[in-house]
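Chemist: My structure is below; once you've seen it, I'll send some questions.
Nothing in this text is a laboratory measurement; each read-out follows from the coordinates by a stated rule. Source: prediction; values computed, not measured. Don't worry about glycine lacking a Cβ; one is built from the backbone with ideal geometry, like all the others, and counts go over all protein chains shown.
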Amino acid sequence: MKLFKIIIFLSAVCFGQSQPYPKDYFRSPLDIPLFASGSFGELRGNHFHSGLDFKTQQREGLNVFAAADGFVSRIKISEGGYGKAIYITHPNGYTTVYGHLKKFNGAIADFIRKRQYAQKSYEIEIFPMANELVVNKGEIIAFSGNSGSSGGPHLHFEIRDTKTEQIINPLYFGFDILMPDRQKPVVNDLVVYAIGDSSVVNGSQRPLPVQLSLQPDGNFLANKVLAKGNIGFAVNTYDQADNNYNWNGIYKAETFLNGSSFFTYNFEKFAFDETRYVNNFIDYYRYKTLKQSVQKLFYKKKYPFSLVSGNQKNGQIAVLPNSIFNYRIEISDFHGNKRIINIPIQYSEASSTIKKEEKITPYFVKSKNDNSYTKDNVSVFIPENAFYDDFYLNFDVKDNVLYLHDETVPVHHNITVTFDVSSVPDIIKAKTFISRMDGNKKEYFTTYKKGNLFSARTKDLGKFFLATDTIAPRIYKPNFKEGASLDKSDTLSVRIDDDLSGIKEYNAYLNGKWILMEYDYKTNLLVHHFSDVLYEEGKNELKVVVSDKMGNSITFESHFFKTKNLDPVEKDN
């Protein structure tokens, strides 16, 4: 009978999603009012935000509930990313994701702890079978936290299509009802672009801001745009909701040319392998130089991003002699609140007084082709479609340092940088790797070594060089003094860090046996919970071994005393 139920459940997972998005199937994963600190599709560094970030009242430890019946199909614990995360597969064809958790609950916690000790690793990824961790709607599965790459306490929540793994906006599933919104999106800036060598807009071949005037109805009227050739627009905008003043992303943008729909996109769903297209979706140069995110309402070259690829037109407006256009932008949130920008456009024969900025170099990258460049002891291989546009690349090698353009050009696919290290003394080759300057800090890259050729893959441009790391990590600030009694302590902790290549591995042993220690890279904290009950009565010997990515290692040894089964009354005293 149990096997029959599992078969029925899995069949429903595979075939249950032929209906429109269910509005009342999923409950809230929290039992507090829902306010979003991050919206679906919101523009983030190198990615679109893939879910809703729910505020947790600026604290950790709130109950996190299963949004519907299902089974835990994946558990992932990592230092970065979602930190501690649970994935629940449901019989209606969807999977919910709960990220940045503080800790797990009940049978799920016991299951994870056993696997961590079996694998002797804090970081772990598990795919339980359908009958191992079955959960019911409303069951407490975990507690909210701030783990992984979280910037503050919150719950990251996603809904995915189980079969395709596409991420879908949770607001489609009725969460919009739980998050009332009567606020119109906010428009900060409008930017116009001359596209192509012969185009001019307002006397310029460079992008220009367009002055906006707020109208009595709350919409905007732009100053007249005088142009010739192809032009396009981009908008700096965000959304807010009732009783929530976070600057969240918008849901939809649609443009109209003389009343006809012209170019549109909305954040309903997308695939994970599309998420880096955010760097072509925005004006990346403006983002890097002015720290301003403007989302383009056009594209120069067609690219396979589902949110925009369905448009019949590329969003560019061809302004020809005798042309007069009324161009309208409508920015909307999921609840239908809308902000409109009306832009009059007129043909002008005026030539440009502000020329485009373009430095001609000997290295012209054709984005649709493979490109290779070599100088001295360094070579660079750029695969096809690594860049979104053709451009002149700054490439040079001086004093064994590779200068590969700068960070204002986005990279979509990995570029391979190779150094010939024949001149590096053998005694330090094992501790040598390829590095890049990230601001004022040296950035480590995984380096593949084959004889005298060291290679690294990168999606960043900038200054690359060989770096050597011979210094071991640091272990410091234990939460106890050697020989102290820890009867009143629930945890055992030390801090660890490494100044160059970074922490690769950490292991801790209590009386010679491996113990689980949780690592938070944001605070450099390594913590063991005494609730694991692996300590001995009386004296306990602690050993912590930490290694960096170049094999440098350090060991910390100490001891403490602890009593088992301490009476609660005595402990409180």
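Chemist: For q values of 0.15, 0.21 Å⁻¹, compute log₁₀ I(q)/I(0) with the Debye formula on a Cα-only model of the range 186-347, without solvent.
Modeler: -0.82, -1.65
Chemist: Right, here's the next one. Rounded to the nearest 500 deg cm²/dmol, what is the calculated helix-only ellipticity per residue at 222 nm for the chain, with -39500 (n - 2.57) per DSSP H run of length n ≥ 4? Don't jump to the answer; show the numbers that get you there.
Modeler: Working: 8 runs with 56 residues, N = 573.
Result for the chain: -2500 deg cm²/dmol, rounded to the nearest 500.
Chemist: Here are a few candidate values for Cα extents along the principal axes in Å: (i) 124, 52, 37; (ii) 91, 67, 49; (iii) 73, 62, 45. Which one was actually calculated from the structure I just gave you?
Modeler: (ii)
Chemist: Which angle from 0 to 90°, rounded to the nearest 10, does the C-alpha axis of helix 106-119 make with the longest principal axis of the chain?
Modeler: 80 degrees
Chemist: Now, a different point. Given the C-alpha centroids of the range 465-533 and the range 345-360, what is the distance between them in whole angstrom?
Modeler: Here the two parts' Cα centres lie 59 Å apart.
Chemist: Let me ask something else. Set the bar at 23 Å for Cα to Cα. Now go through 288/441; 23/102; 228/313 and name every pair that lies beyond it. Don't skip to the end; give the middle numbers.
Modeler: On the way: 288/441 18 Å; 23/102 29 Å; 228/313 19 Å.
From the list (288/441; 23/102; 228/313), the Cα-Cα distance tops 23 Å for 23/102.
Chemist: What does the highest-first list of 219-229, 364-374 look like by mean Cβ count within 10 Å?
Modeler: 219-229, 364-374
Chemist: Take every Cα pair under 8 Å in the chain that's 6+ residues apart, average their separations, divide by the length, and report that relative contact order as a whole percent. Please report the intermediate quantities before stating the final value.
Modeler: Values: 1356 pairs, mean separation 59.1, N = 573.
The value is 10 percent.
Chemist: Right, something else. With axes computed from alpha carbons, what is the tilt in degrees of helix 2-15 against the longest principal axis of the chain, rounded to the nearest 10 within 0 to 90?
Modeler: Between helix and principal axis, roughly 20 degrees.
Chemist: Kindly rank 350-361, 533-544 from highest to lowest mean number of other beta carbons found within 10 Å of each residue. Display every interim value, and only then the final one.
Modeler: Details: 350-361: 10.9, 533-544: 14.9.
Packing proxy ranking, top to bottom: 533-544, 350-361.
Chemist: Rounded to the nearest 5, what % of DSSP beta bridges with both residues in the chain are antiparallel?
Modeler: Around 95 percent of the beta bridges assigned by DSSP in the chain are antiparallel ones.
Chemist: Can I ask one more? Bin width 5 Å, origin at 0, all Cα-Cα pairs of the range 247-332: what percent of pairs per bin?
Modeler: Answer for the range 247-332: a P(r) of 3, 12, 22, 24, 21, 12, 5, 2, 1 percent.
Chemist: Order these by the 10 Å Cβ neighbour count, fewest first: 391, 305.
Modeler: Details: 391 17, 305 20.
Listed from fewest to most nearby Cβ atoms, that is 391, 305.
Chemist: Grab the alpha carbons of the range 93-155, take their convex hull, and tell me the volume per residue in Å³. Don't skip to the answer; put the middle values down first.
Modeler: On the way: hull volume 7.0 nm³, N = 63.
Spread over its residues, the Cα hull of the range 93-155 gives 111 Å³ apiece.
Chemist: Using Cα pairs under 8 angstrom and six or more residues apart, how large is the relative contact order of the range 474-572, in percent? Each step should come with its number before you reach the end.
Modeler: Details: 188 pairs, mean separation 32.7, N = 99.
With pairs under 8 Å counted, the relative contact order is 33 percent.
Chemist: Listing 137, 441 from the residue with the fewest other Cβ atoms within 10 Å to the one with the most, what is the order?
Modeler: Numbers: 137 14, 441 11.
Ranking 137, 441 by Cβ neighbours within 10 Å, fewest first, gives 441, 137.
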